[in-house]
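To keep things clear, I will list the structure first and then write my remarks on it.
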Amino acid sequence: MSTPASSQVSMRGDWSPRLPDAAGFSHVVVDTRGLRSHVAMIGDGEPVLMLHGFPQHWWEWRRVAPAIASRGYRVICPDLRGSGWTDAADRGIGRTTMAEDLRAVLDALGVERAHVVSHDLGAVVAGQLAYTHPDRVRTAVMLAVPPGFMTFSPKLLPAFKHMPPLLTHRDGRSLDWLFGSDYAAQPMPADVVDGYLRVTVRPGFDAAVRELYRGMIIPEVMRLATGHYKRRRLRPPTLAVFGRLDGPFTEPTVRRICRGHERYADRFELAFVDGAAHFVVDDAPEEVAELALDWFGRG
(Lines give C-alpha, C1' and ligand atoms only; values in the text may rest on other atoms or scores of the structure.)
Protein backbone atom coordinates (compact mmCIF):
# COMPACT_ATOMS: atom_id res chain seq x y z
CA MET A 1 0.00 0.00 0.00
CA SER A 2 1.39 3.40 -0.94
CA THR A 3 1.85 6.16 1.63
CA PRO A 4 -0.64 9.02 1.14
CA ALA A 5 0.87 12.38 0.26
CA SER A 6 -0.85 13.95 3.27
CA SER A 7 0.97 11.61 5.66
CA GLN A 8 4.57 11.50 6.80
CA VAL A 9 6.57 9.14 8.99
CA SER A 10 9.63 10.58 10.70
CA MET A 11 12.11 9.60 13.38
CA ARG A 12 12.43 11.64 16.53
CA GLY A 13 14.93 11.50 19.36
CA ASP A 14 13.66 14.08 21.86
CA TRP A 15 10.56 13.27 23.88
CA SER A 16 9.10 15.30 26.70
CA PRO A 17 8.51 13.97 29.24
CA ARG A 18 11.12 11.26 28.79
CA LEU A 19 9.86 7.95 27.38
CA PRO A 20 9.92 5.08 29.91
CA ASP A 21 12.59 2.49 29.25
CA ALA A 22 11.86 -0.43 26.94
CA ALA A 23 14.66 -2.15 25.04
CA GLY A 24 14.45 -2.88 21.32
CA PHE A 25 11.74 -0.41 20.30
CA SER A 26 12.12 2.26 17.65
CA HIS A 27 9.99 5.40 17.91
CA VAL A 28 8.49 7.43 15.07
CA VAL A 29 6.02 10.24 14.56
CA VAL A 30 3.27 9.60 12.01
CA ASP A 31 1.77 12.84 10.69
CA THR A 32 -1.77 12.57 9.36
CA ARG A 33 -4.46 15.24 9.05
CA GLY A 34 -4.42 17.18 12.32
CA LEU A 35 -2.69 14.40 14.25
CA ARG A 36 0.93 13.63 15.11
CA SER A 37 0.89 10.06 16.42
CA HIS A 38 3.74 8.62 18.43
CA VAL A 39 4.26 5.01 17.39
CA ALA A 40 6.63 2.51 19.02
CA MET A 41 7.65 -0.45 16.85
CA ILE A 42 9.67 -3.62 17.21
CA GLY A 43 10.43 -6.59 14.95
CA ASP A 44 9.91 -7.44 11.30
CA GLY A 45 7.34 -9.56 9.50
CA GLU A 46 3.57 -9.79 9.42
CA PRO A 47 2.12 -6.70 11.17
CA VAL A 48 0.54 -6.78 14.61
CA LEU A 49 -1.22 -3.66 15.87
CA MET A 50 -1.34 -3.28 19.66
CA LEU A 51 -3.79 -0.81 21.20
CA HIS A 52 -3.30 0.23 24.81
CA GLY A 53 -5.85 0.80 27.55
CA PHE A 54 -6.56 3.82 29.76
CA PRO A 55 -4.74 5.57 31.36
CA GLN A 56 -1.88 3.85 29.60
CA HIS A 57 0.05 4.18 26.34
CA TRP A 58 2.43 2.17 24.12
CA TRP A 59 4.54 1.14 27.12
CA GLU A 60 1.78 -1.26 28.24
CA TRP A 61 3.17 -3.67 25.62
CA ARG A 62 6.83 -3.47 26.76
CA ARG A 63 6.92 -7.16 27.71
CA VAL A 64 4.35 -8.57 25.28
CA ALA A 65 5.52 -6.91 22.05
CA PRO A 66 9.13 -8.21 22.19
CA ALA A 67 7.88 -11.75 22.78
CA ILE A 68 5.63 -11.54 19.74
CA ALA A 69 8.28 -9.82 17.62
CA SER A 70 10.72 -12.64 18.41
CA ARG A 71 8.35 -15.01 16.60
CA GLY A 72 8.61 -13.12 13.31
CA TYR A 73 6.14 -10.26 13.57
CA ARG A 74 6.35 -6.50 13.15
CA VAL A 75 4.64 -5.06 16.22
CA ILE A 76 3.17 -1.56 15.99
CA CYS A 77 2.17 0.20 19.22
CA PRO A 78 0.61 3.65 18.67
CA ASP A 79 -0.39 6.11 21.35
CA LEU A 80 -4.09 6.82 20.82
CA ARG A 81 -5.37 10.38 20.53
CA GLY A 82 -5.27 12.06 23.95
CA SER A 83 -2.80 9.50 25.34
CA GLY A 84 0.95 9.17 25.59
CA TRP A 85 3.04 11.30 23.27
CA THR A 86 0.47 11.72 20.48
CA ASP A 87 -0.46 15.34 19.69
CA ALA A 88 -3.76 16.45 18.15
CA ALA A 89 -4.53 19.86 16.66
CA ASP A 90 -8.17 19.28 17.67
CA ARG A 91 -8.50 17.85 21.17
CA GLY A 92 -12.09 16.81 20.54
CA ILE A 93 -12.80 13.07 20.60
CA GLY A 94 -15.92 11.71 18.95
CA ARG A 95 -17.26 8.17 19.13
CA THR A 96 -15.29 6.89 16.12
CA THR A 97 -12.44 9.43 16.04
CA MET A 98 -9.80 6.99 17.24
CA ALA A 99 -10.79 4.25 14.82
CA GLU A 100 -10.43 6.70 11.92
CA ASP A 101 -7.10 7.87 13.36
CA LEU A 102 -5.89 4.28 13.25
CA ARG A 103 -6.88 3.81 9.64
CA ALA A 104 -4.82 6.85 8.72
CA VAL A 105 -1.82 5.64 10.75
CA LEU A 106 -1.97 2.19 9.13
CA ASP A 107 -2.16 3.80 5.70
CA ALA A 108 0.87 5.98 6.48
CA LEU A 109 2.84 2.94 7.61
CA GLY A 110 1.85 0.97 4.52
CA VAL A 111 -0.10 -1.63 6.50
CA GLU A 112 -3.10 -3.03 4.67
CA ARG A 113 -4.13 -5.70 7.23
CA ALA A 114 -2.91 -6.51 10.71
CA HIS A 115 -3.53 -8.78 13.62
CA VAL A 116 -4.96 -6.53 16.34
CA VAL A 117 -4.30 -7.04 20.05
CA SER A 118 -6.11 -4.57 22.30
CA HIS A 119 -6.89 -3.84 25.93
CA ASP A 120 -9.55 -1.74 27.68
CA LEU A 121 -9.95 1.53 25.72
CA GLY A 122 -7.95 0.03 22.88
CA ALA A 123 -10.38 -2.90 22.70
CA VAL A 124 -13.28 -0.50 22.22
CA VAL A 125 -11.43 1.12 19.32
CA ALA A 126 -10.41 -2.28 17.91
CA GLY A 127 -14.03 -3.39 18.02
CA GLN A 128 -15.12 -0.36 16.01
CA LEU A 129 -12.37 -1.04 13.48
CA ALA A 130 -13.35 -4.71 13.19
CA TYR A 131 -17.02 -3.94 12.59
CA THR A 132 -16.53 -0.98 10.26
CA HIS A 133 -13.38 -2.01 8.38
CA PRO A 134 -13.08 -5.80 8.74
CA ASP A 135 -10.74 -5.93 5.75
CA ARG A 136 -8.08 -4.21 7.88
CA VAL A 137 -8.21 -6.78 10.72
CA ARG A 138 -6.66 -10.20 10.12
CA THR A 139 -7.44 -11.52 13.61
CA ALA A 140 -8.44 -9.79 16.86
CA VAL A 141 -7.49 -10.44 20.49
CA MET A 142 -9.52 -8.29 22.90
CA LEU A 143 -8.40 -8.08 26.52
CA ALA A 144 -10.71 -7.29 29.47
CA VAL A 145 -13.58 -6.01 27.29
CA PRO A 146 -16.53 -8.10 26.07
CA PRO A 147 -17.51 -8.12 22.39
CA GLY A 148 -19.94 -5.60 21.02
CA PHE A 149 -22.70 -8.20 20.65
CA MET A 150 -22.71 -9.00 24.38
CA THR A 151 -26.00 -9.13 26.25
CA PHE A 152 -25.99 -6.35 28.82
CA SER A 153 -26.41 -7.57 32.42
CA PRO A 154 -26.94 -5.66 35.69
CA LYS A 155 -24.09 -7.75 37.09
CA LEU A 156 -21.74 -5.66 34.94
CA LEU A 157 -22.69 -2.34 36.54
CA PRO A 158 -19.73 -2.38 38.99
CA ALA A 159 -17.43 -2.41 35.93
CA PHE A 160 -18.55 1.15 35.19
CA LYS A 161 -18.01 2.69 38.65
CA HIS A 162 -14.90 4.53 37.44
CA MET A 163 -16.86 6.51 34.85
CA PRO A 164 -18.46 9.29 36.99
CA PRO A 165 -15.14 10.57 38.41
CA LEU A 166 -13.55 10.47 34.94
CA LEU A 167 -16.47 12.30 33.33
CA THR A 168 -15.86 15.10 35.85
CA HIS A 169 -12.09 14.67 36.07
CA ARG A 170 -10.47 17.67 37.78
CA ASP A 171 -7.33 19.27 36.42
CA GLY A 172 -4.29 18.05 38.31
CA ARG A 173 -6.02 15.12 39.98
CA SER A 174 -3.85 11.99 39.89
CA LEU A 175 -5.12 8.89 38.14
CA ASP A 176 -3.06 6.56 40.32
CA TRP A 177 -6.25 5.24 41.94
CA LEU A 178 -7.00 3.37 38.71
CA PHE A 179 -4.01 1.10 39.35
CA GLY A 180 -5.27 -0.05 42.75
CA SER A 181 -6.47 -3.43 43.97
CA ASP A 182 -9.87 -3.07 42.28
CA TYR A 183 -8.22 -3.42 38.89
CA ALA A 184 -4.83 -5.11 39.32
CA ALA A 185 -4.20 -8.57 40.78
CA GLN A 186 -1.05 -7.27 42.48
CA PRO A 187 -0.31 -3.64 43.39
CA MET A 188 1.75 -2.05 40.63
CA PRO A 189 5.20 -0.85 41.69
CA ALA A 190 5.61 2.93 41.94
CA ASP A 191 8.04 3.01 39.01
CA VAL A 192 5.49 1.27 36.76
CA VAL A 193 2.73 3.70 37.75
CA ASP A 194 5.16 6.54 37.04
CA GLY A 195 5.92 5.04 33.63
CA TYR A 196 2.25 5.25 32.77
CA LEU A 197 1.35 8.55 34.42
CA ARG A 198 4.40 10.76 33.80
CA VAL A 199 2.75 11.92 30.59
CA THR A 200 -0.23 13.37 32.50
CA VAL A 201 1.79 16.57 33.07
CA ARG A 202 1.50 17.42 29.37
CA PRO A 203 -0.76 20.42 28.59
CA GLY A 204 -4.30 19.41 27.73
CA PHE A 205 -4.16 15.92 29.23
CA ASP A 206 -6.87 16.51 31.85
CA ALA A 207 -9.23 18.00 29.28
CA ALA A 208 -8.59 14.99 27.03
CA VAL A 209 -9.75 12.67 29.82
CA ARG A 210 -13.10 14.44 30.00
CA GLU A 211 -13.39 14.56 26.21
CA LEU A 212 -12.69 10.84 25.99
CA TYR A 213 -15.51 9.85 28.31
CA ARG A 214 -18.03 12.41 27.14
CA GLY A 215 -17.38 12.11 23.43
CA MET A 216 -16.53 8.44 22.98
CA ILE A 217 -16.97 6.13 25.96
CA ILE A 218 -20.47 7.10 27.06
CA PRO A 219 -21.92 7.05 23.50
CA GLU A 220 -20.28 3.68 22.88
CA VAL A 221 -21.58 2.23 26.15
CA MET A 222 -25.08 3.32 25.14
CA ARG A 223 -24.69 1.42 21.86
CA LEU A 224 -23.61 -1.68 23.74
CA ALA A 225 -26.48 -1.42 26.23
CA THR A 226 -29.10 -1.03 23.49
CA GLY A 227 -27.87 -3.98 21.41
CA HIS A 228 -26.61 -2.00 18.40
CA TYR A 229 -23.92 -4.57 17.57
CA LYS A 230 -26.38 -7.46 17.67
CA ARG A 231 -27.65 -6.06 14.37
CA ARG A 232 -24.20 -6.31 12.78
CA ARG A 233 -21.80 -9.16 12.01
CA LEU A 234 -18.33 -9.46 13.54
CA ARG A 235 -16.23 -10.79 10.65
CA PRO A 236 -12.59 -11.03 11.90
CA PRO A 237 -11.79 -14.12 14.02
CA THR A 238 -11.95 -12.74 17.57
CA LEU A 239 -10.61 -14.03 20.91
CA ALA A 240 -11.83 -12.27 24.07
CA VAL A 241 -9.54 -12.73 27.10
CA PHE A 242 -10.31 -11.98 30.74
CA GLY A 243 -8.37 -12.30 33.97
CA ARG A 244 -10.10 -14.63 36.40
CA LEU A 245 -9.77 -11.95 39.10
CA ASP A 246 -11.38 -9.22 36.99
CA GLY A 247 -14.16 -8.11 39.33
CA PRO A 248 -17.61 -8.42 37.72
CA PHE A 249 -16.26 -10.23 34.65
CA THR A 250 -16.33 -13.68 36.22
CA GLU A 251 -16.18 -16.63 33.86
CA PRO A 252 -19.87 -17.59 34.38
CA THR A 253 -20.98 -14.00 33.74
CA VAL A 254 -18.80 -13.57 30.64
CA ARG A 255 -19.96 -16.87 29.16
CA ARG A 256 -23.57 -15.92 29.81
CA ILE A 257 -23.38 -12.48 28.16
CA CYS A 258 -21.61 -14.02 25.14
CA ARG A 259 -24.08 -16.84 24.60
CA GLY A 260 -25.26 -17.37 21.05
CA HIS A 261 -22.15 -15.79 19.57
CA GLU A 262 -22.59 -17.90 16.43
CA ARG A 263 -25.47 -15.59 15.45
CA TYR A 264 -23.29 -12.48 15.67
CA ALA A 265 -19.71 -13.48 14.83
CA ASP A 266 -18.00 -15.57 12.16
CA ARG A 267 -15.59 -17.01 14.71
CA PHE A 268 -15.41 -16.16 18.39
CA GLU A 269 -13.80 -17.77 21.44
CA LEU A 270 -13.19 -16.94 25.10
CA ALA A 271 -10.08 -17.46 27.23
CA PHE A 272 -9.39 -16.84 30.92
CA VAL A 273 -6.07 -16.13 32.61
CA ASP A 274 -5.34 -17.27 36.16
CA GLY A 275 -3.92 -14.74 38.62
CA ALA A 276 -4.84 -11.73 36.50
CA ALA A 277 -7.39 -8.94 36.87
CA HIS A 278 -8.36 -6.02 34.62
CA PHE A 279 -4.74 -5.06 33.94
CA VAL A 280 -4.13 -8.50 32.50
CA VAL A 281 -1.22 -7.31 30.33
CA ASP A 282 0.71 -6.20 33.41
CA ASP A 283 -0.44 -9.12 35.55
CA ALA A 284 0.35 -11.88 33.03
CA PRO A 285 2.35 -10.68 30.00
CA GLU A 286 3.72 -14.12 29.10
CA GLU A 287 0.24 -15.66 29.03
CA VAL A 288 -1.11 -12.77 26.94
CA ALA A 289 1.70 -13.17 24.41
CA GLU A 290 1.16 -16.92 24.08
CA LEU A 291 -2.61 -16.59 23.72
CA ALA A 292 -2.14 -13.98 21.00
CA LEU A 293 0.42 -16.02 19.09
CA ASP A 294 -1.77 -19.11 19.26
CA TRP A 295 -4.76 -17.13 17.99
CA PHE A 296 -2.79 -15.65 15.09
CA GLY A 297 -2.02 -19.19 13.98
CA ARG A 298 -5.53 -20.58 14.49
CA GLY A 299 -7.51 -17.54 13.43
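The values are calculated or read from the model by the stated rules, or taken from the named source; none is laboratory data. This one's a predicted model, so the numbers in the text were calculated from it and none came from an experiment. Counting neighbours? That spans all protein chains shown, and the Cβs are built from the backbone with ideal geometry, glycine included.
Residues Leu175, Leu143: which one is within 23 Å of Gly84 (Cα to Cα) and in contact with a Pro (Cβ under 6 Å, 6 or more places away or on another chain)?
Numbers: Leu143 fails: in contact with a Pro (Cβ under 6 Å, 6 or more places away or on another chain).
Every option except Leu175 fails the conditions.
Across the range 236-265, what is the number of residues that are over 25 Å from Phe279 (Cβ atoms) and hydroxyl-bearing (Ser, Thr, Tyr)?
Of the residues in the range 236-265, 1 are over 25 Å from Phe279 (Cβ atoms) and hydroxyl-bearing (Ser, Thr, Tyr).
Any idea how many residues of the range 1-36 are outside any strand (DSSP E or B), at pLDDT below 90 and of a type in the set (S, T, N, Q)?
So the answer is 4.
Out of everything in the range 239-252 that is farther than 20 Å from His162 by Cα and touching a Leu at 6+ places or on another chain (Cβ under 9 Å), what residue ends up being surrounded by the most Cβ atoms within 10 Å (Cβ to Cβ)?
Once the filter is applied, the top-ranked residue is Val241.
Filter the range 272-285 down to the residues that are touching a Phe, Trp or Tyr at 6+ places or on another chain (Cβ under 8 Å) and either in a strand (DSSP E or B) or among the charged types (D, E, K, R) (or both), then identify the one that is surrounded by the most Cβ atoms within 10 Å (Cβ to Cβ).
Val273
Taking Trp59 as the residue in question, decide whether it is touching a residue at least 12 places away in the same chain (Cβ under 8 Å), in a loop (DSSP other than H, G, I, E, B) and buried (at least 18 other Cβ atoms within 10 Å of the Cβ). Quick ask: steps written out before the conclusion?
Values: touching a residue at least 12 places away in the same chain (Cβ under 8 Å): yes; in a loop (DSSP other than H, G, I, E, B): no; buried (at least 18 other Cβ atoms within 10 Å of the Cβ): yes.
Considered against the rule, which asks whether it is touching a residue at least 12 places away in the same chain (Cβ under 8 Å), in a loop (DSSP other than H, G, I, E, B) and buried (at least 18 other Cβ atoms within 10 Å of the Cβ), Trp59 comes out as no.
Could you list, in sequence order, the residues of the range 154-172 that are over 20 Å from the mean Cα position of the chain (by Cα), surrounded by fewer than 14 Cβ atoms within 10 Å (Cβ to Cβ) and assigned to a loop (DSSP other than H, G, I, E, B)?
Within the range 154-172, Thr168, Arg170, Asp171, Gly172 meet the criteria.
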